[in-house]
Amino acid sequence: MIIGVLTGGGDAPGLNPTVRAVALTALSHGDEVVGFLDGWRGVQENHTISVDRAWAERILDEGGTNLGTSRTNPMKSEDTMNAVISNFQANKLDTLIAIGGDDTLSVAAELSRRGLPVVGVPKTMDNDVPETDYCIGFDTAVNTVTQSLDKLRTTSASHHRAMVVEVMGRDAGWVAGIGGVAGGADYILLPEVEPDLEDLYSHLETVRSRGKSYALIVVAEGVQLGQPQNLENAKTDAFGHVQLAQKNVGETLAGLIEERLGWETRSVVLGHLQRGGSPSAFDRVLGTRYGAAAVEMAHRGEFGQMVVIKGWQLQSVPLESIAGHTKTLDPSFIAQATRLL
C-alpha cells in the first residue's frame, strides 16, 4: 500500500511517536509512506516527504510534530476540497491517516463521505474528542499543569498571595480538572459549569480563615465569567474559533478576586507550555498503539473509521459519529473536583 499521514491542528506531545508507529508498521508490511507537511495545507498544496525507517526511528522522544502542522480548513471552498482530492489521487494513496482533533477529523470525515479511504487518530491535549478515553497529548499536558502548580505553590506561599492559573480548554475542562486536582488547586473553574463567583469568594475566605496564607485557583481558558467581553474584532482560526488568549480569563479573574477580597492576587497563563516538551511515557505508548492500529485498520479495509481506546482495549468508531461533537468531563467528577477540600 501507499499510505499517507498528516498531523493537523494544534501540536501536542505524542504526535511524533504516533507518526513513528505509522511509518514503522507500514514499512514492516512493505508499504510506502508519504508524509504530508503542515496538516491539510500539505495535502491541499501537495507538500510531501518520503518517510523512511531512519527518519522515523529518531523521533520517539521528540515533542511537537516533525511533519509540521497548521489549522488549514480545506472545507472552506469546493476548490480547496478538489485540490485535496486531486493530490490524494496524484500520490496514488491507498489510504490517508489523519492525526488530529475535531477540526482535522471533520475534514477526514468529509473526505470519507466523498468516497476516499481515510483513517482517523484522535489527538488533542484537551482530551475532548468523543468515543475515546484518551487523546494523544493529554497526559503530557496534565503533567505540565501539575508540575507548574507545584512550582507556583512555593512562590504563592512565600508572598502570601492567591494565584490564578489559566490553562487550556475551550469547551471541556479535562486539563483544568485533572491537572488541578493532581496539583492540589484550592478551586477549579471549568467550561462545563457556569462559574459561581460568590462560591469562589466564600471558599477562598474559608481557606484563609483556616490559617492558609495562599491559594491556587485553576481556570480553563473557555470559562465565561459573565462580564461583557468585546470579541467582535477578535482573531479567529480557519475553523472560526476565537483565539481564547484574547479573553484574558485568568487576569480578569485575578482582578476580581483581589478587588473583592483584598487578597493580593497574581495570574499566570501556562499557554503553549502545555503543548511543549518530550511526551510522557503514557503518550508515547498511546501514540505507538494508535499509529500501529491505524495501519492495521487500513490493511483490513476499515476506512472512514477512527481508532479509539476504551479501558485498555483498542477499538474503532465511524468518523462521522465524532465530527462536530465534544466530550466533556463526567458530572460526577466535576462535582467532586471543582471545589476542593
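No lab work stands behind these numbers, since they all come straight from the coordinates. Since we're looking at a predicted model, the values are computed, not measured. Here Cβ is always computed from backbone atoms with ideal geometry, including for glycine, and neighbour counts include all displayed protein chains.
Under a Cβ-only charge scheme (Lys and Arg +1, Asp and Glu -1), can you give me the dipole magnitude of the chain about the Cα centre, in debye to the nearest 20? Walk me through the numbers before you get to the answer.
Values: 28 positive and 42 negative charges, 123 e Å.
For the chain, the charge dipole is close to 580 debye.
Normalising by the residue count of region 140-276, find the relative contact order in percent from Cα pairs under 8 Å and 6+ residues apart. Could the numbers behind the result be given before it?
Values: 235 pairs, mean separation 48.4, N = 137.
It comes to 35 percent, rounded to a whole number.
Want the number for Y201 to E57: 0.36 nm per residue separation, take away the alpha-carbon distance, what's left? Don't skip to the answer; put the middle values down first.
Numbers: separation 144, 0.36 × 144 = 51.84 nm, distance 5.18 nm.
So the extension gain works out to 46.7 nm.
For K76, list the lysines whose Cα falls under 23 Å from its own Cα; do not include residues on the same chain fewer than 8 positions away.
Straight-distance partners of K76: K123, K235.
Based on the Cβ-Cβ distance of R208 and K151, what FRET efficiency does E = 1/(1 + (r/R0)^6) give at R0 = 22 Å, to the nearest 0.05? Show your work: numbers first, answer last.
Values: r = 22 Å, r/R0 = 0.99.
Efficiency for this residue pair is about 0.50.
Taking the Cβ of each residue in D128, D38 as the centre, tally the other Cβ atoms inside 10 Å and list the residues starting with the fewest.
Numbers: D128 24, D38 20.
Going from least to most buried by this count: D38, D128.
Among the trypsin sites (Lys or Arg not before Pro) within region 35-85, which fall in a DSSP loop and have no more than 12 other Cβ atoms within 10 Å of their own Cβ?
Numbers: sites: R41, R53, R58, R71, K76; in loops: R58, R71.
Qualifying residues, ordered by number: R58.
Considering Cα pairs under 8 angstrom that are at least six residues apart, work out the relative contact order of region 1-135 and quote it in whole percent.
29
With 10 angstrom as the radius, rank M75, M168 by how many other C-beta atoms surround their C-beta, starting from the fewest. Each step should come with its number before you reach the end.
Working: M75 18, M168 27.
Ordered by Cβ neighbours within 10 Å, fewest first: M75, M168.
Output the DSSP H helices from the chain with an along-axis C-alpha extent of no less than 15 Å and a mean Kyte-Doolittle hydropathy no less than 0.5.
On the way: long enough: 15-28 (20 Å, 0.96); 78-90 (18 Å, -0.15); 102-113 (16 Å, -0.16); 138-159 (31 Å, -0.41); 197-209 (18 Å, -0.48); 249-261 (18 Å, 0.42); 281-299 (28 Å, 0.21).
Going by DSSP H runs, the hits are 15-28.
Along the Cα-to-C-beta direction of D133, a point sits 7 Å from the Cα; which residues of region 295-324 have their amide N less than 15 Å from that point?
In region 295-324, the label zone of D133 (backbone N under 15 Å from the point 7 Å along Cα→Cβ) covers 308-316.
Given just the C-alpha atoms of region 140-276, how large is their convex hull per residue in cubic angstrom? If you can, show how the numbers build up before the last one.
Working: hull volume 14.4 nm³, N = 137.
Looking at region 140-276, the number lands at 105 Å³ per residue.
Could you work out the relative contact order of the chain? I mean the mean sequence separation of Cα pairs under 8 Å and 6+ apart, divided by the number of residues, in percent. Can you show the working numbers first?
Working: 761 pairs, mean separation 83.5, N = 341.
After rounding, I find 24 percent.
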